[in-house]
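The values are calculated or read from the model by the stated rules, or taken from the named source; none is laboratory data. Just so we're clear, the structure is a prediction, and the values are computed from it rather than from any experiment. Virtual Cβ from ideal backbone geometry, glycine too; neighbours counted across all protein chains shown. Surface accessibility is based on the protein's heavy atoms, side chains included, excluding ligands, DNA and RNA. Shrake-Rupley method; radii C 1.70, N 1.55, O 1.52, S 1.80 Å.
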Amino acid sequence: MSTLSFHDVRVRYGSHTVLDDVSLEVADGQTVGLVGESGCGKSTLARAAVGLAPLTGGQILLDGRPVPNRGRRPVQMVFQDPYSSLDPRMTVGESLAEAMPERLGRTARQAEIARLLALVHLDAARAADLPVRLSGGQRQRVALARALAARPQVILADEITSALDVSVQGAVLNLIRDMRRDLGLSMLFISHNLAVVRYVADQVAVLHNGQIVEFGPTAQVLGAPRHDYTRHLLAALPGAVPLKEQM
Ligand SMILES: Nc1ncnc2c1ncn2[C@@H]1O[C@H](COP(=O)(O)OP(=O)(O)OP(=O)(O)O)[C@@H](O)[C@H]1O
Ligand SMILES: [Mg+2]
């Protein structure tokens, strides 16, 4: 079981309080969509969970204990831009090997690289390629495989399809759904695209002025929002109509 829970999380930069007592639970095997306007603190919340943003209050726990941020890291973040998140001088195989928590012998390492590439539906021969040979969607798959190399319990996905062409977004989203089903991962999925959130998330949290103003099942929050702010946001963000109707 792997539940990531945020308890009264506060992050302040100078006099600017970005997160103001945020409490949120990403329950075992669930995908929580996190939405809110630009600058409301979505990335900061995810970054705080992996030690990349400093907490000024509260705590973030994995199954009731502080999230380990050295050695094998059970909480892994995937970022928006697959062009800057991979080292251009490393082959795909080298990138994946570097992310593995323990040093493996050559044969075991090769087998693990092949396993990771298969998980993200890439051909094993891609291991020899440099990122420049890959499309944006393929790079984002490698970034996901890198995160999976640590055998994480929780994935924090921060706008991972925003930089991709619409034509490959769907494939990456299907991959996310497969990963959750096959690996039992818990996921915090940040996106400003409501169609995308509707497609992947079990629950949705709405962040506004540093606080969670609404949290509940996806169909309820996006279909019958309780708060004025959520209604306002739904009208302003892309993808407010269901995926099916967009095709
Ligand atoms: N390292 C930092 N130092 C100072 N301020 C920061 C820092 N990181 C984030 N902020 C501020 O915190 C606020 C929230 O930023 P954050 O990146 O979490 O927003 P976001 O919801 O992810 O926005 P977007 O949808 O545009 O990605 C912003 O006002 C930003 O300027
Ligand atoms: Mg962000």
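Yes or no: segment 180-200 includes at least one residue that is assigned to a loop (DSSP other than H, G, I, E, B) and farther than 26 Å from His232 by Cβ.
Within segment 180-200, the subset assigned to a loop (DSSP other than H, G, I, E, B) is 184-185, 191-193.
Adding the requirement that they be farther than 26 Å from His232 by Cβ leaves 184-185.
Checked against the condition, which is being assigned to a loop (DSSP other than H, G, I, E, B) and farther than 26 Å from His232 by Cβ, segment 180-200 yields at least one hit.
Leu234 falls short on exactly one of the conditions (1) part of a strand (DSSP E or B); (2) more than 16 Å from ligand 2 (Cβ to nearest atom), and that condition is (1). A count restricted to segment 60-93 and to residues that are of a type in the set (S, T, N, Q), assigned to a loop (DSSP other than H, G, I, E, B) and under 24 Å from Leu175 (Cβ atoms) stands at 4. Step by step: first the residues of segment 29-59, then only those that are assigned to a strand (DSSP E or B) and more than 16 Å from the chain's Cα centre (by Cα), then the one that is surrounded by the fewest Cβ atoms within 10 Å (Cβ to Cβ). Which residue is that? Across segment 29-59, the extreme among qualifying residues is Gln59.
Does Ala157 qualify as being closer than 30 Å to Asp28 by Cβ and in a strand (DSSP E or B)? So Ala157 fits the description; yes. Filtered by the rule that a residue be away from ligand 2 (no atom under 13 Å from the Cβ) and either open to solvent by less than 10 Å² (accessible area, probe 1.4 Å) or of a type in the set (Ser, Thr, Tyr) (or both), segment 180-195 gives Leu185, Ser186, Met187, Leu194, Ala195. Within segment 123-139, residues that are part of a loop (DSSP other than H, G, I, E, B) have Cβ atoms under 6 Å from residues that are of a type in the set (S, T, N, Q) in these pairs: Leu130/Thr91, counting only partners at least 6 apart in sequence or on another chain.
In the condition set (1) open to solvent by 60 Å² or more (accessible area, probe 1.4 Å); (2) within 27 Å of Asp178 (Cα to Cα); (3) part of a helix (DSSP H, G or I); (4) not β-branched (Val, Ile, Thr), Leu222 is compliant with all but (1). Among the residues of segment 29-46, those that are near ligand 2 (Cβ under 9 Å from one of its atoms) and either among the basic types (Lys, Arg) or under 22 Å from Val154 (Cα atoms) (or both) comprise Gly41, Lys42, Ser43, Thr44, Ala46.
Mind telling me which of the residues Gly41, Gly36 ends up being of a type outside the set (Val, Ile, Thr), in contact (Cβ under 8 Å) with a residue 12 or more places away in the chain and touching a helix residue (DSSP H, G or I) at 6+ places or on another chain (Cβ under 7 Å)? Step by step, each of Gly41, Gly36 is checked, and only Gly36 is of a type outside the set (Val, Ile, Thr), in contact (Cβ under 8 Å) with a residue 12 or more places away in the chain and touching a helix residue (DSSP H, G or I) at 6+ places or on another chain (Cβ under 7 Å). Just one of the numbered conditions (1) open to solvent by less than 20 Å² (accessible area, probe 1.4 Å); (2) closer than 17 Å to Ser191 by Cα; (3) of a type outside the set (Ser, Thr, Tyr); (4) within 16 Å of ligand 2 (Cβ to nearest atom) is not true of Val26: (4).
Residue count for segment 203-219 satisfying the condition of being closer than 13 Å to Thr31 by Cβ and either aromatic (Phe, Trp, Tyr) or surrounded by fewer than 18 Cβ atoms within 10 Å (Cβ to Cβ) (or both): 1.
Name the residue that is farthest from ligand 1 (Cβ to nearest atom), counting only residues in segment 1-56 that are under 19 Å from Arg177 (Cα atoms) and among the aliphatic types (A, V, I, L, M).
My answer is Met1.
Can you find even one residue in segment 66-77 that is within 16 Å of ligand 2 (Cβ to nearest atom), in contact with a strand residue (DSSP E or B) (Cβ under 7 Å, 6 or more places away or on another chain) and open to solvent by 50 Å² or more (accessible area, probe 1.4 Å)? Scanning segment 66-77 turns up no residue that is within 16 Å of ligand 2 (Cβ to nearest atom), in contact with a strand residue (DSSP E or B) (Cβ under 7 Å, 6 or more places away or on another chain) and open to solvent by 50 Å² or more (accessible area, probe 1.4 Å).
Looking only at residues that are among the small types (Gly, Ala, Ser) and touching a Lys or Arg at 6+ places or on another chain (Cβ under 6 Å) in segment 96-114, which one is surrounded by the most Cβ atoms within 10 Å (Cβ to Cβ)? Quick ask: steps written out before the conclusion?
Within segment 96-114, the first condition is being among the small types (Gly, Ala, Ser), and the residues that meet it are 97, 99, 105, 108, 111, 114.
Retained after the next criterion (residues that are touching a Lys or Arg at 6+ places or on another chain (Cβ under 6 Å)): 97, 99.
Details: Ala97: 21, Ala99: 17.
Ranking the candidates gives Ala97 first.
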